[in-house]
Amino acid sequence: MKTQIIVIFILMNCFSNSVQKSQLFLLAGQSNAVGQGDSLNSPVCKTNTAFEFDAQNNKFIPLRDPAGKSWKQFQEAGTGSVAPAFAKGMYELFRQKIYMVTAARGGASCHWKAEMANYGTWDTSGKLFAQAVEKTKMAEIKSGIRLSGVLWIQGERDANAILAGQLTATEYQKVLEGLIKRFRNEFGEDLPFFIVQTAYQQDKAPGGCRAVRDVQTIIAKKMNGVYIAYGETNEFGQRKWFKDKVHYNQEGLNDIGTKAAEFVYKHYNQEDNE
């Protein structure tokens, strides 16, 4: 009996150590999750520290911009993204290899009422969620790592629909909560969901984006394991961190990635100390 207990303990310890050696994160949302920055100003991750999943070839490749190889409805960065700054920050803090899955499409809505033309929606009527699940599960199998968390950057399309009266903030809240639950049905009820709050679009009245930001805050307070990992996008206009009226420039994307990684690190440290 003692021998069996020792063997079980050793196996559990080995499993725990293997899990802690690396992390797998899903970066999902719409165009600012795709990334419309500048790869020339994107951080360079050290060799053999950060990888992204290339679903077209079913393999991991070194993570560098333009990240997010095109697959089904998901798009490649044009040309800089948040992914290298996030992965670089995560590696430097955790000292673990970081594996990324990108699943983002420009103009994609969260609620079907906000869907525009053929840009896609994360709602149950669209294909984006199912494709993100498919790609992530492929990456889990290839890496042998369970999904560690979701970094969510989305909201502009729904903000515009709220501003136009096509969608209410309550409807947006319900569908975003439902999306989080669907991710957890697929990847575990404790899956952390890290939100980058939506910025104020520079060519629109602020009401729509304010409603989206408020809902994101409400959900983070309401649902366990949902967090505002980065909320400073409300200052991007003053900081001149927009590439155009809607998309963040590389300086903004780098700040999001670095500080979101710091938030994730503090979150896990806090959990360990509780």
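The values are calculated or read from the model by the stated rules, or taken from the named source; none is laboratory data. As the structure is a computational prediction, the values presented were derived from the model and not from experiment. As a convention, Cβ positions derive from the backbone with ideal geometry for all residues, glycine included, and neighbour counts pool all protein chains shown. Surface accessibility is based on the protein's heavy atoms, side chains included, excluding ligands, DNA and RNA. Shrake-Rupley method; radii C 1.70, N 1.55, O 1.52, S 1.80 Å.
Looking at segment 92-147, which of the residues that are more than 24 Å from Asn160 (Cα to Cα) and of a type in the set (Lys, Arg) is least open to solvent (accessible area, probe 1.4 Å)?
My answer is Lys135.
When segment 127-149 is examined, which residues are found to be assigned to a loop (DSSP other than H, G, I, E, B) and touching a Phe, Trp or Tyr at 6+ places or on another chain (Cβ under 7 Å)? So that I can check it myself, show each step before the final result.
Taking segment 127-149 first, the residues assigned to a loop (DSSP other than H, G, I, E, B) are 127, 144-146.
The one that is assigned to a loop (DSSP other than H, G, I, E, B) and touching a Phe, Trp or Tyr at 6+ places or on another chain (Cβ under 7 Å): Ile145.
Looking only at segment 176-216, which residues are part of a helix (DSSP H, G or I), under 17 Å from the mean Cα position of the chain (by Cα) and of a type in the set (Val, Ile, Thr)?
Within segment 176-216, Ile180, Val212 qualify.
So which residues in segment 212-255 are at positive phi and surrounded by fewer than 15 Cβ atoms within 10 Å (Cβ to Cβ), if there are any at all?
As a first pass, look at segment 212-255 and keep what is at positive phi: 225, 240.
Passing the criteria: only Lys240.
List every residue pair whose Cβ atoms sit under 6 Å apart, with the two residues 6 or more apart in sequence or on different chains, where the first one lies in segment 118-141 and is farther than 26 Å from Phe51 by Cβ and the second, anywhere, is open to solvent by 10 Å² or more (accessible area, probe 1.4 Å) and assigned to a helix (DSSP H, G or I).
Filtered contacts from segment 118-141: Thr121/Trp112; Asp123/Trp112; Asp123/Val175; Ser125/Trp112.
Do you know which residues across segment 29-68 are under 13 Å from Thr102 (Cα atoms) and β-branched (Val, Ile, Thr)?
Within segment 29-68, Val34, Ile61 qualify.
So which residues in segment 217-246 are assigned to a loop (DSSP other than H, G, I, E, B), over 16 Å from the mean Cα position of the chain (by Cα) and not basic (Lys, Arg)?
Kept after step one, since they are assigned to a loop (DSSP other than H, G, I, E, B), are these residues of segment 217-246: 223-225, 231, 240-241, 243-246.
Still in the running and over 16 Å from the mean Cα position of the chain (by Cα): 223-224, 240-241, 243-246.
Residues satisfying the conditions are Met223, Asn224, Trp241, Asp244, Val246.
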